[in-house]
Structure formats: C-alpha cells, structure tokens
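Student: The structure under discussion is supplied below as structure tokens; questions concerning it will follow.
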Amino acid sequence: MAGQQAGGAGSRSLRFNPPDDRESGRRPLTRERVVAEALGVISADGAQALSMRAVAARLGVVPGALYRHVRSKEQLYDLVLDAVLAEVDCQADHGGPWTAQVGLLARRLRAVLENHPGIAALLKARDPVSPASLAVAEAFLAPLSAAGLPGRRAALAFRLVYDYTVGFALGDPTSPAEQRLRDTATRQELHAFLRSLPADRFPALAAHGTHAWANDRDQRFDSGLDTLFRGLQANLGSALMPSAAVLRVDEPQGRGRRHGLA
C-alpha cells in the first residue's frame, strides 16, 4: 500500500510539473532573439513588413509575449539598427593618414549594410542615436578632427562621408538596378541601347553612357570616396577661412544680406 501511495505521489508529481525549456526543446524568448527575427523580417520583405505579429509568428509565440522585451515597434526598429551597426569594426590605425582611416571605415559600414538588405533605407529614415551609432560617428569624426578641420567643418565632413556611404548602400547588390548590371546579357542590351541613342539629342550619353551603367560597383564607390576626399583635402588648406556656405548658414530667409560681408 505504501508503495502504491508513493507511486501515486510520484505520478501526480510528474503529471503536474510542467517541463522546463530543455525538456520541451523551446528556447527562452529574449530581446536578442526578438531583434534577430525582426532583422530577418526586414531582410526578407523590407522594413515596411516589420510588425509585432510578423516577428511573433517567426518565433512561434503570441504578439503579446514580445512586449516583455520591447516597448513598441519603434523601439524594435532602433534596436535592430543598433544591432547591425554594432557589426561595424570601428578599430583603426590612428597613425595612418586620415583618408585611409575614414575610407576603411566607410567600406566597412557599406559592407555591413549591404549584408543586411533593407537596413540602409531604415537607417537613412531614422538616424538613431544609440551606443553603436555613436561609436561609428566617433570613429568617423576623430580622424577628420585630428586632420585639422575645425569642429563644424569636421562634423559636416563626417556627415558627408556617412550619408554618401548609407546612400550608396541603398542600392544594394540584390536590388533590381544592380542585378541588371551584374547580368551580362542584360547589361550588354542596355549598352547597345545607350549607344543607339540619337547623337543630336543625347551626345554625351551616346558616347559615354556605357561607363555610367557598368558592372563596377566597388570602383564606383571608391571613385566617389576619392572625389569627396579630394574636396576635403582642398578644404584643409582654407580651414581657417569661413566659406560662403558657412557665412550664409544663419541668414534669415528672404533677405539678401550675407553675414560677415559689408
């Protein structure tokens, strides 16, 4: 009888003790998993497809379970961006030229963004201030400032290179425009069309248009960086002289007077 009671007690214990995560095979829900699945939604279907319901479906939970880890979809957007920007290696050789430091960081940022389709557009729209975004901004701004650009000009130079990089990554290699250039037959067809344009109406395009639509994505990016750097190099020589754009920056609209001019 005692044995039966003990067995009964054991049966009741087994019946009413729920299995833990290891027994059920279900991984615990964490903020990191929520962010990772949100990134998966964006990469597959774009930022417009992100919703709590879509993320919950990928995780196999009800949408309400996500709110234990994120407050809202807006916060989820920023957490996703911070996670992606955290992948950018911000280490640099501070003894090297500023152009090498900034160029290397721009290439790293571009590579990370293009590895996550849809993120560049979201980053351009939201421009978050988060731990990872601050680290990237500091890594860009430090060598520009050390090169001799005054504070405001260094900050504008940072935004110029950063915005160029993010903008370039918008047309990632998976986009239809880039796929058209990567496909040899389609590219050749496009080039034939450009060369056939009437020279009296499109003389420049007929002569040089094939160079503008070439399968040279990396070269295009580096050429753009080189152009920016040449301009910044020239600006270093007149860093102590206010430019016309700086003189007009605080000018009230509708007035012709330029501050600093008689």
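Student: Please work out if Val70 is modelled with pLDDT of 90 or more, of a type in the set (Val, Ile, Thr) and in a helix (DSSP H, G or I). Even if it seems obvious, please write down each step before you answer.
Tutor: Details: modelled with pLDDT of 90 or more: yes; of a type in the set (Val, Ile, Thr): yes; in a helix (DSSP H, G or I): no.
Taking the combined requirement at face value, the residue does not satisfy it.
Student: Filter the stretch 136-168 down to the residues that are assigned to a helix (DSSP H, G or I) and touching a residue at least 60 places away in the same chain (Cβ under 8 Å), then identify the one that is nearest to the chain's Cα centre (by Cα).
Tutor: For the stretch 136-168, the residue satisfying everything is Tyr164.
Student: Another question, if that's okay. If you go through the stretch 41-71 one residue at a time, how many are within 21 Å of the chain's Cα centre (by Cα) and not aliphatic (A, V, I, L, M)?
Tutor: Residues meeting the conditions: 5.
Student: Among the numbered conditions (1) more than 25 Å from Val84 (Cβ to Cβ); (2) touching a helix residue (DSSP H, G or I) at 6+ places or on another chain (Cβ under 7 Å); (3) not aromatic (Phe, Trp, Tyr), tell me where Ile119 comes up short.
Tutor: Among (1) more than 25 Å from Val84 (Cβ to Cβ); (2) touching a helix residue (DSSP H, G or I) at 6+ places or on another chain (Cβ under 7 Å); (3) not aromatic (Phe, Trp, Tyr), Ile119 violates only (1).
Student: Further question on the same structure: Just to be sure, is Gly64 outside any helix (DSSP H, G or I) and either loosely packed, with under 12 Cβ neighbours inside 10 Å or free of Cβ contacts under 8 Å to residues at least 40 places away in the same chain (or both)?
Tutor: For Gly64, the condition - outside any helix (DSSP H, G or I) and either loosely packed, with under 12 Cβ neighbours inside 10 Å or free of Cβ contacts under 8 Å to residues at least 40 places away in the same chain (or both) - is not met.
Student: Moving on to the next point. If you take the residues of the stretch 178-222 that are surrounded by fewer than 11 Cβ atoms within 10 Å (Cβ to Cβ) and of a type in the set (A, V, I, L, M, F, W, C), which of them is nearest to Gln101 (Cα to Cα)?
Tutor: Restricting to residues being surrounded by fewer than 11 Cβ atoms within 10 Å (Cβ to Cβ) and of a type in the set (A, V, I, L, M, F, W, C), the top hit is Ala212.
Condition check ((1) in the same structural domain as Val55 (by TED's automatic domain parsing); (2) aliphatic (A, V, I, L, M); (3) buried (at least 20 other Cβ atoms within 10 Å of the Cβ); (4) at pLDDT below 95) across all residues:
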residue: Gln75; (1), (2), (3), (4): no, no, no, yes
residue: Leu81; (1), (2), (3), (4): no, yes, yes, no
residue: Glu87; (1), (2), (3), (4): no, no, no, no
residue: Gln91; (1), (2), (3), (4): no, no, no, yes
residue: Val102; (1), (2), (3), (4): no, yes, yes, no
residue: Ala106; (1), (2), (3), (4): no, yes, yes, no
residue: Ala111; (1), (2), (3), (4): no, yes, no, no
residue: Asn115; (1), (2), (3), (4): no, no, no, yes
residue: Ala120; (1), (2), (3), (4): no, yes, yes, yes
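Student: Against the definition (at pLDDT below 90, in a helix (DSSP H, G or I), aliphatic (A, V, I, L, M) and surrounded by 14 or more Cβ atoms within 10 Å (Cβ to Cβ)), how does Leu225 come out, yes or no?
Tutor: The answer is no for Leu225.
The values are calculated or read from the model by the stated rules, or taken from the named source; none is laboratory data. The structure displayed is predicted, hence computed values, not measured ones. Cβ coordinates were reconstructed from backbone atoms using ideal geometry, including for glycine residues, and neighbour counts include every protein chain displayed.
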